[in-house]
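Just so it is clear, none of the values below were taken in a lab; they were calculated from the coordinates. Keep in mind it's a predicted model, so treat the numbers as computed, not measured. So basically every Cβ, Gly included, is an ideal-geometry build from the backbone, and we count neighbours across all protein chains shown.
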């Protein structure tokens, strides 16, 4: 018998970020000859902190959330 556990909102948000970032990169590559173009240039005036790919930031944040969730869950025995 298959037992399905309810999925938390945190998990839904994390996977949504990962999947939407991957889909965003895929669409960019299909529409722009293999290039990704959704970038943000962050800074104030002449001070620049970096240029970020929006989809990659979504993927990274989603994966970090999933790792944090995995670290918070109690470990279950494989035997019982």
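Structure data summary
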| read-out | value |
| --- | --- |
| Where only alpha carbons of region 13-60 are counted, the Rg and the Dmax (Å) | 12.4, 36 |
| Angle in degrees between helix 54-72 and the longest Cα principal axis of the chain, rounded to the nearest 10 | 20 |
| Point-to-point label distance, residue 40-residue 69, nm (Cα→Cβ direction, 7 Å offset) | 2.2 |
| Once the Cα gyration tensor of the chain is diagonalised, semi-axes √(5λ) in Å | 34, 18, 9 |
| GNM top mover of 12, 42, 59 - the chain, alpha-carbon springs below 10 Å | 42 |
| Computed lengthening from residue 29 to residue 47, 0.36 nm per intervening residue step minus Cα-Cα distance | 3.5 nm |
| Pairwise FRET efficiency - residue 15 versus residue 56, Cβ, R0 = 22 Å, nearest 0.05 | 0.85 |
